[in-house]
Amino acid sequence: MWCEEVSWHHVGRQRQISLYHPMLYVTIQELEAAINYWRSQSPAEGEELRLCAEASVLAKPYALMIVQGAQRVPVDVLDELARSAIQKFIKISQAT
């Protein structure tokens, strides 16, 4: 699992968010907000209440952060789909 490769508790630099500079870290609060945003855009479906693709790919790193007690994670440890979902959310939330 990717969470074993990164020591999230020893991250010292602050995250930078900009439309022109890549995001370095994502906080647990941002992940939660992104999941809630994507759920509001595309509510759960079916009897099993399946999450939309964006919320689903963000749910795993969110759960791992909760279990590990992490407050933020480097964006580069997220898989490509999760990185894309969080970056889209950040751009949308910055535009509003």
Discussion item. If the only charges are +1 at each Lys and Arg Cβ and -1 at each Asp and Glu Cβ, what is the size of the charge dipole of the range 17-95 around the Cα centre, to the nearest 20 debye?
Written reply: 240
Worksheet item: Per-residue HN-Hα couplings for the range 30-40, Karplus 6.51 cos²θ - 1.76 cosθ + 1.60 at θ = phi - 60°, whole Hz, x for Gly and Pro?
Response: 5, 4, 4, 5, 5, 4, 5, 4, 5, 5, 6
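Under 1.5 on a/c is rounded, so check that first for the range 17-95, then, if it is not, pick prolate when a/b is larger than b/c and oblate when it is not; a ≥ b ≥ c are the square roots of the alpha carbon gyration tensor eigenvalues.
Oblate, because a/c is 1.5 or more while a/b does not exceed b/c.
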Worksheet item: How far is it, in nm, from the label point at T96 to the one at L81 when both lie 7 Å from their Cα along the line to the Cβ?
Response: 2.4
Worksheet entry | Summed residue charge, Cβ within 13 Å of S56's Cβ, Lys/Arg positive, Asp/Glu negative | -1
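Values quoted throughout were computed directly from the atomic coordinates according to the rules given, and no laboratory measurement underlies them. Because the structure is predicted, anything quoted here is derived from the model rather than measured. Here Cβ is always computed from backbone atoms with ideal geometry, including for glycine, and neighbour counts include all displayed protein chains.
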